[in-house]
Amino acid sequence: MHDTTVLLIEVGALLFGLGMLGRLSRRFGLSPIPLYLFAGLAFGHGGLLPLSASEEFFAVGAEIGVILLLLMLGLEYSASELVGNLRSNAPAGLLDGVLNAVPGALFGMLLGWGWQASLVLAGITWVSSSGVIAKVLADLGRLGNRETPVILSVLVIEDLAMALYLPLLTAVLAGTGLVAGAQSLAIAVATVGVVLVVAIRWGHAISAFISARDPEALLLGVLGLTLLVAGAAAQLKVSAAVGAFLVGIALSGPVAHHATQLLSPLRDLFAAVFFVFFGLATDPRDMPPVLLPALALAVVTMTTKVITGYIAARRAGIAIPGRWRAGLALMPRGEFSIVIAGLAVATPGIESGLAALATAYVLITVVTGPMLARLPDFAWFKSILRARQRSIPRPEPVPSPD
């Protein structure tokens, strides 16, 4: 009984504090994500007032937060839009992997780490945080922007690539050999393929099975189906986020519309829990020794992410402001990077400083990324872009043969 009382007090006090921080951030027109992270740091391991009773609650809530963020993103798009965007943005996904994974691998080699640690660091710098970016796009009101499908395509390609990368990395770190690694990879590919086929071919049947007329049944049905598919995907070594996203893609029509309205408050609640838990799990005392290397790595790979988004949006015919919005939105790393670092830390013989470097690196990108994502909305940034466009010489008109 005492533990339950302490749990209620800790959770209630922290959620109330998050509400005040969210109100404060919106008064200044900022995303609340950095404030949520710092709140987690203040009350986590090594913080000012560590919380003990509520840690498990926030761990489970963080998992649900990522799942809901990706579900809500999926509800914004249809299966045909997903397939079309994936096909058109496949080259951008390949460019994304080269520009962002290679610097991480090279950085690990420069630090004198082994090839396994360098492979881990490549994954950490490669994949953006779908959860953070989904929250930023929602906070800035950009879910309906023309560049958002491009951002989404890059994120989905990354998540699908992680479904292949994580089993392969697990096999490499465990030293289980080529056969076991190939088996894990085959299971991941088959799972993603099956879920995609179900979402595209039978999504309308799933929507028809879930009634949109009863809000309570709709809420329980969509939430239950999402958690079920996400859990099954994670059990098969595929990202739970990918499973949740594909559930959102599979739902359409009135079901998707009403589900978005019903689940939005839950998404906001558990998304805040996700960012707080990220801070709670981080000991700020471990970060000062690796802060400068993490900052250097963040500067390089945030720049390469901007290049990735800019080129992807340009290929899709997006105007220059939208290209910058796409590039700047892709900068934060998050949940996948921490999962990858966690796999490495649990492996004997991997560099001990990898966890602290990864944590500091992710925090730098997660705190600065949402702030920098607002740059295209400022008048002075828009004036710079307009001035640059005017300075670009236009081709001379071709004279008429007459």
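Shown in residue order for the stretch 290-304 are the 3J(HN,Hα) couplings computed by the Karplus curve 6.51 cos²θ - 1.76 cosθ + 1.60 at θ = phi - 60°: 10, 5, 5, x, 5, 5, 4, 5, 5, 4, 5, 7, 5, 5, 5 Hz (x for Gly and Pro).
Within the stretch 54-163, the ratio Rg/Rh, alpha carbon atoms throughout and Rh by Kirkwood, equals 1.04. If the chain linking residue 8 and residue 45 were pulled fully straight, counting 0.36 nm for each residue of separation and taking away their Cα-Cα distance, it would gain 11.4 nm.
With protein chains left intact and a 1.4 Å probe, residues in the stretch 81-135 average 38 Å² of accessible area per residue. Full extension of the chain between residue 16 and residue 266 gives 88.4 nm of extra length, using 0.36 nm per residue less the Cα-Cα distance. If R0 is taken as 51 Å, the Cβ-Cβ distance between residue 286 and residue 186 corresponds to a FRET efficiency of 0.85.
For residue 110 and residue 24, the difference between the fully extended length at 0.36 nm per residue and the C-alpha to C-alpha distance is 26.8 nm.
Distances between placed amide hydrogens fall under 5 Å for residue 129 paired with 333, 334, all partners being 5 or more residues away or on another chain.
The values are calculated or read from the model by the stated rules, or taken from the named source; none is laboratory data. Since the structure is predicted, the reported quantities are computational estimates derived from the model, not experimental observations. With ideal geometry, Cβ positions are generated from the backbone for all residues, glycine too; neighbour counts draw on all protein chains shown. Ligands, DNA and RNA are excluded from the accessible area calculation, which covers all protein heavy atoms including side chains. Shrake-Rupley method; radii C 1.70, N 1.55, O 1.52, S 1.80 Å.
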